[in-house]
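Student: Okay, handing you the structure first.
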Ligand SMILES: [Zn+2]
Ligand SMILES: [Zn+2]
């Protein structure tokens, strides 16, 4: 058993449906071992892990909240938008996500091409193997670079080669912010700005709130205590919803981001449900 404290409701979890290293079933089993009561499954541009997680958790007392995490490239930064409680079988949603994943694949091919030209002998097939069933992305290219010994760590791969200023950086298809918010809304979901602290631009955070974001991910492993306090106060002032989660990617994937490391309480989760006219029920109790 892991020896860290886990919070009961973790709303930011990745699985092998994107770049996490545990399958939805394995994540559910770990959550049950840790005694968590609710998980938000939020894979990058994918809802493919939700059904498996729900099937694995059903009747075991763990609530699975359907979600996703969309990436949006803007001038100078990448915005991540979480969507919760959406209808993950809604066809326009699954069709758009498929197009985004295909584009993601073309981007990986392009990055591998650039790196090969630069003399790094990484293979596309290996990148795809590392991605497994999930959508291949920069993280898998980075892991490949670590594997061949070109860099010491994923972090170094981003700093030297794959980051926004790096020589092998390839920009992504621009799903506009409004389009992403609309996609989540039309799927019946709640659009939430993921880890606003990582944007390092509070002006942009305010702007996004005006564009129709319903809430902020206040609690995240990479937020300082001060940032969490500041975003919580902003949510309270503006009547925005509060979410939080560990951004879990598997054992040891990111320091401090173990399952359940961050999260929210039951009343915060109940507000999310109420905003959709739904009632939250945990362990037979209604909120
Ligand atoms: Zn993110
Ligand atoms: Zn994430």
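Student: At 0.36 nm per residue, minus the direct Cα-Cα distance, what do residue 202 and residue 266 gain on full extension? Give it in nm, one decimal, please.
Tutor: 20.3 nm
Student: Could you grab the relative contact order for region 98-162? Cα pairs under 8 Å, six or more apart, rounded to a whole percent.
Tutor: 27
Student: FRET efficiency for residue 116 and residue 254, Cβ-Cβ distance as r, R0 = 22 Å, nearest 0.05?
Tutor: Efficiency, from the Cβ-Cβ distance: 0.20.
Student: By count of other Cβ within 10 Å, fewest leading, how are 243, 224, 94 ordered?
Tutor: The most exposed by this proxy come first: 224, 94, 243.
Student: So, one more: Which one, 65, 122, 213, has the greatest fluctuation when you compute a Gaussian network model over the chain with C-alpha springs under 10 angstrom?
Tutor: Comparing 65, 122, 213 in the GNM, the peak value goes to 122.
Student: Could you estimate the translational diffusion coefficient of the chain from the Stokes-Einstein equation, with Rh from the Kirkwood formula over C-alpha pairs, at 37 °C and 0.692 mPa s, in whole µm²/s?
Tutor: Diffusion coefficient, whole number: 170 µm²/s.
Student: In whole Å, what is the distance between the alpha-carbon centres of region 187-212 and region 254-276?
Tutor: Measuring centre to centre over Cα atoms gives 17 Å.
Student: Full-extension gain between residue 51 and residue 229, please, as 0.36 nm times their residue separation minus the C-alpha to C-alpha distance.
Tutor: Computed gain between residue 51 and residue 229 is 60.6 nm.
Student: For a quick check, take a GNM of the chain with Cα springs below 10 Å and name the residue from 211, 274, 117 with the largest mean-square fluctuation.
Tutor: Top of the fluctuation ranking is 117.
Student: Continuing with this model, one more query. Taking the Cβ-Cβ separation of residue 211 and residue 33 as r and a Förster radius of 45 Å, what is the calculated FRET efficiency to the nearest 0.05?
Tutor: Taking R0 as 45 Å, the efficiency between residue 211 and residue 33 is 0.70.
Student: For Cα pairs less than 8 Å apart in space and 6+ apart in sequence, what is the mean separation divided by the residue count of the chain, i.e. the relative contact order in percent?
Tutor: Taking the mean separation of contacting Cα pairs over the length of the chain, I get 22 percent.
Student: Report the FRET efficiency, 1/(1 + (r/R0)^6), for residue 276 and residue 78, where r is their Cβ-Cβ distance and R0 is 22 Å, rounded to 0.05.
Tutor: Result of the calculation: an efficiency of 0.20.
Student: DSSP beta bridges in the chain, what fraction antiparallel, as a percent rounded to 5?
Tutor: Once the DSSP bridges in the chain are tallied, antiparallel ones form about 50 percent.
Student: Next up: By counting other Cβ atoms within 10 Å of each Cβ, how are 69, 152 ranked from fewest to most?
Tutor: 152, 69
Student: For a quick check: sort 19, 202 by the number of other beta carbons within 10 angstrom, fewest at the front.
Tutor: Neighbour counts put them in this order, fewest first: 202, 19.
Student: So what is the relative contact order of region 44-135, in percent, for Cα pairs below 8 Å that sit 6 or more residues apart?
Tutor: 22
Student: Answer rounded, prolate or oblate for region 54-184, using the Cα gyration tensor with square roots of eigenvalues a ≥ b ≥ c: rounded when a/c is under 1.5, else prolate when a/b is larger than b/c, else oblate.
Tutor: Judged from the Cα gyration tensor, region 54-184 comes out prolate (a/c at least 1.5, a/b above b/c).
Student: Further question: Along the three principal axes, how long is region 98-162 when you take its alpha carbons, biggest first, rounded to the nearest angstrom?
Tutor: Sorted largest first, the three principal extents are 32, 21, 20 Å.
Student: Hey, another quick one. Considering all alpha-carbon pairs of region 1-70, what whole percent are spaced by more than 14 angstrom?
Tutor: Tail of P(r) above 14 Å: 51 percent of Cα pairs.
Student: Sticking with this one: With a point put 7 Å past each Cα toward its Cβ, work out how far residue 159 is from residue 123 in nm, to one decimal.
Tutor: The answer from the label model is 3.0 nm.
Student: Any chance you could list the semi-axes, whole Å, largest first, of the equivalent ellipsoid that the Cα gyration tensor gives for region 179-287, using √(5λ)?
Tutor: Each semi-axis is √(5λ); the values are 21, 20, 14 Å.
Student: Have a look at 268, 106, 200 and tell me which one the Gaussian network model of the chain (Cα, springs below 10 Å) gives the largest fluctuation.
Tutor: Its mean-square fluctuation being the largest, the pick is 200.
No value in this document is a laboratory result; all are computed from the given coordinates. Model, not experiment: these values are computed from the prediction. We place every Cβ from the backbone using ideal geometry, glycine too, and count neighbours over all the protein chains shown.
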